[in-house]
Each structure stands twice: as C-alpha cells, then as structure tokens.
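A.B. asks: Shown below is the structure under consideration.
The values are calculated or read from the model by the stated rules, or taken from the named source; none is laboratory data. Not measured: the values here are computed from a predicted model. Please note: Cβ atoms are built from the backbone with ideal geometry, for glycine as well, and neighbour counts cover all protein chains shown. Ligands, DNA and RNA are excluded from the accessible area calculation, which covers all protein heavy atoms including side chains. Shrake-Rupley method; radii C 1.70, N 1.55, O 1.52, S 1.80 Å.
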Amino acid sequence: MTYPARFTFDELLDAPEAKRPRLVVVLLCAAVATLDGFDLQSIALAAPSIARAWGVGAAAFGAVFGVGLFGSLVGAFLLGRLSDRFGRRRILLISVALFAVCSLATPLVGSVGALVAVRFLTGIGLGGALPSAIALTSEYTPERSRGAVVGLMFCGYPAGGVLAGVLSAPLIPAFGWPVVFVIGGVLPLLLLPALWRSVPESAQFLMVTGDLAALRGVLRRMGSSVDAGQLEAERAPDRSPVVRLFTEGRAAGTLLLWVTMVMALLLAYLLANWIPLVTTAAGAGAGGSALAIATFNLGAIIGCLLLGRLADRCRPTLVIAGAFVLGAAAIAALGYVGAQLGALLLLTFAAGFGGIGAQMCLVSVCANFYETSLRATGIGSSMSVGRIGGIAGPVLAGLLVGAGAGAAAVFWVAAVAALCAAAAITAFGLVVHRPGRAPAPATEDATTNDGAPTTRSGR
C-alpha cells in the first residue's frame with residue numbers, strides 16, 4: 001500500500017497488514033475489561049456467603065462495595081494521568097499486576113475492616129487499567145469504526161460478570177467464597193505475559209512525545225515499511241492536561257460527560273452489587289439471584305453490541321439517551337417482581353441492555369471527544385468523577401437496606417439515575433461540538449463529533 005508524503009496514523013490503520021495487530025490489541029484490552037467485570041461481580045456474589053461466615057448483616061457491605069469503587073476512582077484519575085505522561089502500555093501492565101496481587105490477598109482477610117482495605121487497593125489497580133485499555137483500543141482502531149469497536153471491547157466488562165456468575169454458582173458452595181478471588185488473581189497473572197509481548201505502546205502517544213525510535217518499532221509490528229517521519233504528529237500539550245479539559249471549547253462537554261457518567265455508574269454499580277442481595281431477600285433464592293446476574297450481564301453485552309452499531313449510524317447521543325430511558329423503566333419494575341423468576345430474568349435483561357449497554361457506549365463518546373494528548377486523561381477523569389456516583393449508589397443502597405427499605409426503594413434510586421443520565425447526554429448532544437476546532441460551515445455533509453449535523457453555531 002502506498003501513502004502520500006504526509007499522512008495520519010488513522011490512515012495507516014486501514015492497511016490490510018495492520019488488521020491482525022489491531023485485532024490483537026482489541027482482544028487483549030477486552031480481556032482486561034473482562035477481568036475488571038469478573039472482580040466486580042465476584043465480590044457481589046461472594047457477599048452473601050461472607051456475611052454468613054462472618055456473622056455480619058448485609059448492610060455492612062455498602063461500605064465494602066463503596067470503598068472498592070473509591071479505590072477505582074483514585075486509580076482511574078491518578079493512573080489515567082500517568083498514562084498520558086509515561087505511556088498507556090506501561091501503566092496498563094502495572095495496573096493489571098496490582099489488582100492480580102490484591103485479589104489473591106483477599107482470601108487471607110478475616111474481618112470487614114481488612115476486607116475494606118484490600119478492596120481499596122484492588123480498586124486502584126482495576127481503575128487504573130481501564131483508561132489505558134480504552135485509550136489503546138481507541139487509538140488502534142480507525143475512526144470510522146471506533147464507536148463499535150470500543151463498545152465491543154468494553155463488552156468484556158459484562159462478560160466478566162457472566163463468567164463470575166457461572167463459576168460462582170457451583171464453586172462457592174463446593175469450595176467456599178475465597179475460590180472466586182483466587183481465580184480473579186490467577187487469571188490476570190496468566191494474562192500479563194501476553195500483554196507484555198503483544199500490546200505495543202500507543203503510536204499516537206509516541207508521536208506526541210517525539211519518540212521516533214519506539215514509533216519505528218510499532219510501525220514494524222504493524223507490518224508497515226513507512227518512515228516514522230511521514231506520520232503527522234499532534235501537537236504536544238503545553239498546559240496541565242486537567243486544565244485543558246476545560247479549555248478550547250471543552251468545558252461544557254467535559255461537565256456534561258461527567259454528570260452523565262456519575263449517573264450511569266451510580267445505577268451500574270448499585271445494580272451489579274446489590275441485585276444478588278436484594279433479590280435473594282425478596283425471595284428469588286440463591287439460584288434465581290445467580291440467574292438474574294447472568295441475564296443482567298448478558299443484556300449488557302447484547303445492548304453494547306447493538307447500541308454501538310446503531311450509534312455509528314445515527315446520532316450517538318440520542319441512541320444512548322433512549323437506551324437509558326428503556327433501562328429506567330425496567331429497573332423501576334424490578335422492585336415489584338418478588339420471587340417471579342420469569343419476570344425477574346426478563347427485567348434484569350432489559351435493565352442490562354438499556355442501562356449498562358448505554359453506559360458502555362458512553363465510553364466511546366468520551367474517547368472521540370478528546371484529542372490524543374488528552375484522551376486517556378479525559379477518559380480517566382470522566383470515569384473517576386463518575387465513580388463518585390458508583391460509590392454513592394452501593395452505599396446509599398446499603399443505608400436503605402439497613403433502614404428496612406424494600407427492593408422497590410433500592411431499584412427506584414437506580415431508575416431515577418438512568419433518567420438523569422438520559423437528560424445529561426441529550427444536553428451534551430445539543431450544545432457541544434468537537435473541541436479545538438472551529439464549528440464547521442453549514443454544509444449538507446458537515447458533521448460533528450457525535451455524528452449529528454452541525455451549523456456555524458455548533459448545532
């Protein structure tokens with residue numbers, strides 16, 4: 001394949017010889033997301049057994065769930081920033097190693113306080129891995145299919161939840177709750193050598209930092225014979241990346257993305273952590289609760305795939321908003337099904353399809369909104385701020401359960417959050433154009449970052 005004297009890395013990604021290296025990056029980043037989802041669902045599924053073994057009430061797990069997510073907030077923000085400075089690959093490897101070791105340490109604890117401490121450290125590793133994995137997937141995918149591919153990669157997250165549910169159902173009764181954390185520690189340790197060998201550093205990051213020697217190595221790995229000097233590099237940032245999230249027309253978009261992510265993660269983590277405990281208490285039983293978790297995550301996977309495809313063809317913000325509204329209706333109805341297994345499975349599937357499918361597609365909107373030098377920081381900041389909602393949701397549910405509230409009250413909190421997320425992402429689509437660019441002329445084929453037609457005023 002021949003190239004002009006100057007061309008972008010995105011053009012290089014369309015070459016036939018780049019297809020296999022791109023696929024390897026996406027699959028390995030999806031594996032990282034799978035392990036993150038496995039860990040989240042493991043603590044939720046193990047919680048009833050831990051409560052019985054230690055003689056503590058279910059309400060105590062609000063703090064356990066919340067502090068793990070607080071660790072994820074710290075990891076996403078701190079390590080997300082470091083990946084913009086030191087590289088996506090290096091931070092990804094460190095993060096995976098950290099949460100693997102902490103997961104293996106979890107069975108050694110014997111009190112709620114110790115469990116809180118180890119969950120915090122595990123959360124730092126989990127929160128640090130995702131921004132780099134998402135950024136690498138985005139930067140090794142052509143822009144024309146980025147939304148669908150990033151969504152597909154992030155389907156690993158609910159797939160990890162399905163895997164945790166399938167394994168926990170037979171293994172916890174047979175071997176006790178520690179077994180899921182042993183699995184959750186061994187699997188990332190097995191993945192580390194593959195990540196080390198097969199995931200290259202972001203070529204766009206190397207262009208920004210001017211590391212041409214490393215960039216040539218990446219180009220050889222991609223099967224390309226072009227010279228690194230032919231690639232058009234983006235300008236290096238001359239300000240603090242966090243400050244730049246609010247400059248050059250980004251302020252409104254950044255704030256609206258943060259609000260959407262707060263609401264989306266509030267509902268996601270509330271449901272993922274409390275569905276087993278709440279549905280078991282409502283009479284669904286351990287088996288019914290495990291099936292509910294499986295259908296919830298299966299719905300999220302299918303929702304992510306279908307909504308991601310639809311978002312590549314239509315205005316993404318409207319697709320995501322509509323899915324949040326669908327999720328809100330299903331979530332609200334969950335509080336009234338009791339022990340009716342068929343209705344429980346149908347509604348958890350719809351809740352996962354709409355609420356979690358939309359949340360995963362939201363990540364690709366974040367990735368496209370920020371330029372290369374800010375992408376990991378933008379994603380990491382959105383996810384870290386969003387985890388404020390992720391922390392608040394499980395803790396609030398724990399307070400409600402401790403106060404004697406029923407399942408309906410718990411699920412209504414998540415339903416209202418879904419409606420707020422729909423409103424915020426709709427506002428994002430109405431008022432924001434791609435930052436750092438002048439609004440496009442009012443032509444028939446001019447489009448903005450979210451795929452919607454733009455005028456000289458931005459909408």
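A.B. asks: Hey, what's the stretch 39-129 come to in accessible area per residue, 1.4 Å probe, Å²? Numbers along the way, then the final one.
C.D. replies: Values: 3090 Å² over 91 residues.
Accessible area per residue, the stretch 39-129: 34 Å².
A.B. asks: Continuing with this model, one more query. At 1.4 Å probe size, with every protein chain present, just tell me what the per residue accessible area of the stretch 389-430 comes to in Å².
C.D. replies: Averaged over the residues of the stretch 389-430, the accessible area is 35 Å².
A.B. asks: With the cut-off at 1.5 for a/c, could you classify the stretch 327-382 from its C-alpha gyration tensor as rounded, prolate or oblate? The partial results should precede the final answer.
C.D. replies: Values: a/c = 4.87, a/b = 4.19, b/c = 1.16.
Prolate, because a/c is 1.5 or more and a/b exceeds b/c.
A.B. asks: All other residues with a Cβ under 15 Å from the Cβ of Gly110 taken together, and with Lys, Arg as +1 and Asp, Glu as -1, what is their net charge?
C.D. replies: Numbers: positive: Arg52, Arg119; negative: none.
Net charge in that neighbourhood comes out at +2.
A.B. asks: Quick one: give the max-minus-min coordinate of the C-alpha atoms of the stretch 344-411 along each principal axis, largest first, in Å.
C.D. replies: 48, 27, 10
A.B. asks: Output the peptides 53-65, 408-420 sorted from most to least packed, where packing is the average of other Cβ atoms within 10 Å over each peptide's residues. Don't jump to the answer; show the numbers that get you there.
C.D. replies: On the way: 53-65: 17.8, 408-420: 21.8.
By packing density, highest mean first, the sequence is 408-420, 53-65.
A.B. asks: Also, I was wondering about something else. Report the Rg/Rh value for the stretch 45-117, based on alpha-carbon coordinates and the Kirkwood definition of Rh. Working shown, then result.
C.D. replies: Working: Rg = 15.0 Å, Rh = 13.9 Å.
Answer for the stretch 45-117: 1.08.
A.B. asks: Determine the sum of side-chain charges near Trp196: Lys and Arg each +1, Asp and Glu each -1, restricted to other residues whose C-beta is under 11 angstrom from that of Trp196.
C.D. replies: Numbers: positive: Arg89, Arg90, Arg197; negative: none.
Counting the neighbours of Trp196, the net charge comes to +3.
A.B. asks: Going by the alpha-carbon gyration tensor, a ≥ b ≥ c the square roots of its eigenvalues, is the stretch 109-186 rounded (a/c under 1.5) or, if a/c is not under 1.5, prolate (a/b greater than b/c) versus oblate?
C.D. replies: Numbers: a/c = 4.15, a/b = 1.81, b/c = 2.30.
Verdict is oblate for the stretch 109-186.
A.B. asks: Assuming 1.002 mPa s and 20 °C, estimate D for the stretch 257-319 with Stokes-Einstein, Rh taken as the Kirkwood radius over Cα pairs, in µm²/s.
C.D. replies: On the way: Rh = 13.4 Å.
Rounded, D is 160 µm²/s.
A.B. asks: Per Stokes-Einstein, at 37 °C and 0.692 mPa s, what whole-number D in µm² s⁻¹ belongs to the stretch 250-404, with the Kirkwood radius over Cα pairs as the hydrodynamic radius? Let's see the in-between values first.
C.D. replies: Numbers: Rh = 16.0 Å.
Answer from the Stokes-Einstein relation: 205 µm²/s.
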